[in-house]
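The values are calculated or read from the model by the stated rules, or taken from the named source; none is laboratory data. In this text the structure is predicted, and so the values were computed from the model without any measurement. We place every Cβ from the backbone using ideal geometry, glycine too, and count neighbours over all the protein chains shown. In case anyone asks, the SASA skips ligands and DNA or RNA and just uses the protein heavy atoms, side chains included. Shrake-Rupley method; radii C 1.70, N 1.55, O 1.52, S 1.80 Å.
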Amino acid sequence: MKDLRVRMRTVTVAAVAATAVVTALAGGVARPRQAHADAPFPFTLESAASQPATGTPVPPSGRHAALVRNTSVATTTVEGSGRVVIGATGSHCEGWPKLRVTVDGTVLGTVSVEHPTQYGAHTVGPAVGPGRHTVRIAFVNDHMTKTCDRNAFVASAQLEYPPSAEFGSAVFLTNSRIAALKERVAAGTQPTRAGWNALLAAADKDLDREPTVPGTWLVPWYYDDPAGHNAMLGMLRGQANAAYRLALVHRITGDERYAAAAARQITTWIDGVRTYSTAEDSTLAFSNSFPLMTFAAHLLRSSPSFPAATQEAFAQFLRTRALGMSTMSHQNNWGNWGLVLEVSTAAYLGDRMLFDRAATRWKQFVEQQIAADGHLPLEVHRADGLSGILYSNFALHPQTLAAEIMRANGLDLYDYRAPNGRTLRLAFDRIAGWVHDPATYPYRKDPAATPNYMYNVGYWEVLHMRWPNPAAGAVLASRRPVKDDPMSIGMTFTHGGLL
């Protein structure tokens, strides 16, 4: 009977999901789109089934392992050191399910899974040492009556990153960086001073910006409705960019006018939008625009224009609205932008479990997105290769922002090397060479055509300081202060010449 129940449950969940998609697209015409597949399912299963995830937060694969009998086992591998953390839900039946966790053949302990919808963080046993480890999760107390059935649903297994004194003290910019920026502005140090002048000029224009919000957030596909797409996206992106510029200028100058204007952009958005759709481009547009609101909110924490009640309302918005718009489970650039949304939220809320989950996903992107020669296979062939540099930047940019958020919170992954040898530096060196000399870019169907939009390179200010690259240095020198692109504000000011 257990096999039948697993099959029935899988079909039911899939049917509900399909209904949700149809409902979300009601009133429009659904058309085939580029697939944005979830991450690979991480478990191998014995007497168990892979099913669509029904709990929260949704795992990167979008699926969980249904363990339904005492012979059910889910096995995966993890890398690093620390205690093992299991994300799982359970169905109660005269008691909650229990999972026995074994690492590299040694039983670490048993955990009770006591929530039906929240995967949570179930920490098991003592810390394991550095290395690659095999984690085996076995269901050990199956039970069923005429009215209930006890099962466990495992979404993730990862290693707990060690606590850091810095965690939760910043989102993107630390207090020490703010202090260093003040000193560099006062001393006229370049390129910081040039970046500051550009930032201040833009923020001064933002002081009188009147925020406008839609009643419903729904961003149409760009290629179906470019005007509607740009209008909706422009509202959020314009306000988020303005909020961050204004908040940053406030922190450098102490001028409360900028804080008040920044707070107005944030509060108008979180109070004004009543409905959030996940249809069409809505989730990607939110994931790659809203995080700057979170960067700004952190910078305003000491301002009377952003009091405790407003801060709590913003935190509640992050928990109940923003995380539901994440695209982190996707494999291409959509996933990288969802990563920024989730890790910035985790830093603002001080949510260690969410932060660790994002860090694990960051490592997966390095391993899965970057080829042996540094190119990004999921991005370079866009528009017959002409938009390959654009979309490669569009993936590496959020990957870099996420790394910087984690570094600001005590976890430096910049030099992480995946088991297959891939690194972020490998991808940076590759794309820097292409932008510096487009003739070397090999993925165009028409070799004589010029690649599109190559210079969204503000994030290079971060990477070039860490890994000096002659090609990147030449591009940056010719463009500083690097013009703000839609998702990169003031990077020459905040990171140019400052590690």
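Screening residue 134 against (1) outside any helix (DSSP H, G or I); (2) at pLDDT 95 or above; (3) out of contact with any Asp or Glu (no Cβ under 8 Å at 6 or more places or on another chain); (4) open to solvent by 20 Å² or more (accessible area, probe 1.4 Å) leaves a single unmet condition, (3).
One residue stands out among those in the range 245-259 that are under 27 Å from the mean Cα position of the chain (by Cα) and not aliphatic (A, V, I, L, M): the one that is least open to solvent (accessible area, probe 1.4 Å), which is 250. Looking only at residues of the range 443-499 that are free of Cβ contacts under 8 Å to residues at least 60 places away in the same chain and aromatic (Phe, Trp, Tyr), we find that the one that is farthest from residue 296 (Cα to Cα) is 467. Among all positions in the range 116-127, there is at least one residue which is over 27 Å from residue 362 (Cα atoms), open to solvent by 20 Å² or more (accessible area, probe 1.4 Å) and modelled with pLDDT under 95. The condition of being among the small types (Gly, Ala, Ser), open to solvent by less than 30 Å² (accessible area, probe 1.4 Å) and without any contact (Cβ under 8 Å) to a residue 24 or more places away in the chain holds for only one of 109, 168, that being 109.
Taken over the range 431-460, the criterion of being of a type outside the set (S, T, N, Q) and outside any loop (DSSP other than H, G, I, E, B) is satisfied by 431, 432, 433, 434, 435, 436, 438, 439, 460.
The sole residue among 443, 414, 455 that is under 20 Å from residue 378 (Cα atoms), hydroxyl-bearing (Ser, Thr, Tyr) and either open to solvent by 70 Å² or more (accessible area, probe 1.4 Å) or at pLDDT below 95 (or both) is 455. Out of the residues in the range 275-323 meeting the condition of being touching an Asp or Glu at 6+ places or on another chain (Cβ under 9 Å) and outside any helix (DSSP H, G or I), tell me which one is nearest to residue 233 (Cα to Cα). That would be 280. Being touching a helix residue (DSSP H, G or I) at 6+ places or on another chain (Cβ under 8 Å), farther than 29 Å from residue 64 by Cα, surrounded by fewer than 19 Cβ atoms within 10 Å (Cβ to Cβ) and of a type in the set (Lys, Arg) is the requirement here; does residue 184 meet it? In short, no. Looking across the range 60-76 at every residue that is surrounded by 24 or more Cβ atoms within 10 Å (Cβ to Cβ) and not in a strand (DSSP E or B), the one that is nearest to the chain's Cα centre (by Cα) is identified as 60. Looking for whichever is over 23 Å from residue 484 (Cα atoms), outside any loop (DSSP other than H, G, I, E, B), open to solvent by less than 60 Å² (accessible area, probe 1.4 Å) and modelled with pLDDT of 95 or more here; the options are 396, 426. Which one fits? 426 is the lone residue from the list that is over 23 Å from residue 484 (Cα atoms), outside any loop (DSSP other than H, G, I, E, B), open to solvent by less than 60 Å² (accessible area, probe 1.4 Å) and modelled with pLDDT of 95 or more.
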